[in-house]
Amino acid sequence: MVDDVELKYLRRCVELATEALEAGDEPFGSVLVGADGTVLAEDHNRVASGDRTRHPEFELARWSAAHMTPEERAAATVYTSGEHCPMCAAAHAWVGLGRIVYVASSEQLMVWLAELGVPAPPVRTLPIREVAPGVIVDGPVPGLADEVRALQRRFHHAED
Ligand SMILES: [Zn+2]
């Protein structure tokens, strides 16, 4: 279940995704929140640099490994505008981070991108549970998912 406090973090993820879009990057954003509710780190996609591994979830996993104890990581939550891709889900699990809450699922994203005629990615899209079965996952969040879809449509220059 996603409560009002969690919705605030998810809205911040959508804001970060919007910042990415406005910087010419793919619209994805993520926030790392400690057990006490403190926002510890946040990031958005930076793949426009040419490095297509620069996903925010991957950056947050590496940040957490450098700055948090294993106990702190396990008690932390990652909020994100789109469900982790397999690379990011693997990084999340390898560093031992806790729960994930996403706005839009990978399945939704695949449908939206197919509608826009975007070619399939080079890495297969899988649900987080297929990659990291021990991670607790919540999502999608219906109201906000429409905003994430709209950002994808803007990025790919679709008319609405
Ligand atoms: Zn990713």
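Using r as the Cβ-Cβ distance of Leu40 and Asp146, and R0 as 35 Å, what FRET efficiency do you calculate, to the nearest 0.05?
0.80
Of all the options Gly29, Gly134, Gly82, the one that moves most in a Gaussian network model of the chain with Cα springs shorter than 10 angstrom is Gly134.
Each other residue within a Cβ distance under 15 Å of Ala35 adds +1 if Lys or Arg and -1 if Asp or Glu, for a net charge of -2. Close amide H partners of Val101, meaning residues 5 or more places away or on another chain with modelled amide H under 5 Å apart, are Val78, Tyr79, Thr80, Asp138. Only bridges whose two residues both fall in segment 4-157 count here: according to DSSP, what percent of them are antiparallel, nearest 5? Expressed as a percentage, antiparallel bridges in segment 4-157 total about 60.
Taken one residue at a time, the phi angles of segment 109-122 give Karplus couplings (6.51, -1.76, 1.60, θ = phi - 60°) of 4, 4, 5, 5, 5, 5, 4, 8, x, 7, x, 4, x, x Hz. Gly and Pro are set to x. Across segment 71-155, the relative contact order, built from alpha-carbon pairs under 8 Å that are at least six residues apart, equals 36 percent.
Put simply, the amide H of Leu40, placed in the peptide plane, has neighbours under 5 Å in Leu32, Val33, Gly34, leaving out anything fewer than 5 places away on its chain.
Taken one residue at a time, the phi angles of segment 124-138 give Karplus couplings (6.51, -1.76, 1.60, θ = phi - 60°) of 4, 7, 10, x, 3, 4, 6, 8, 9, x, x, 8, 7, 10, 10 Hz. Gly and Pro are set to x. Result for the chain in a Gaussian network model with C-alpha springs under 10 Å: among Val101, Val123, Val78, the largest mean-square fluctuation is at Val123.
Rounded to the nearest Hz, the phi-derived 3J(HN,Hα) couplings of segment 98-106 under the Karplus curve 6.51 cos²θ - 1.76 cosθ + 1.60 (θ = phi - 60°) are x, 5, 10, 10, 10, 7, 10, 7, 4, where x marks glycine and proline.
Would you please give the FRET efficiency between Glu22 and Glu115, computed as 1/(1 + (r/R0)^6) with r the Cβ-Cβ distance and R0 = 25 Å, to the nearest 0.05? Step by step, r from the Cβ atoms, then E = 0.65.
Taking a ≥ b ≥ c as the square roots of the eigenvalues of the Cα gyration tensor, segment 4-157 is classed as prolate, since a/c reaches at least 1.5 and a/b is larger than b/c.
Based on Cα contacts under 8 Å between residues 6+ apart, segment 4-157 shows a relative contact order of 21 percent.
Rounded to the nearest 0.05, what FRET efficiency do Lys8 and Glu71 give with R0 = 25 Å and r taken as the Cβ-Cβ distance? Could you check? The value I calculate is 0.50.
Read-outs: derived from the displayed coordinates by stated rules, not from any lab. Because the structure is a prediction, the values reported are computed rather than measured. Methodologically, a virtual Cβ is constructed for each residue, glycine included, from the backbone with ideal geometry; neighbour enumeration extends over all protein chains shown.
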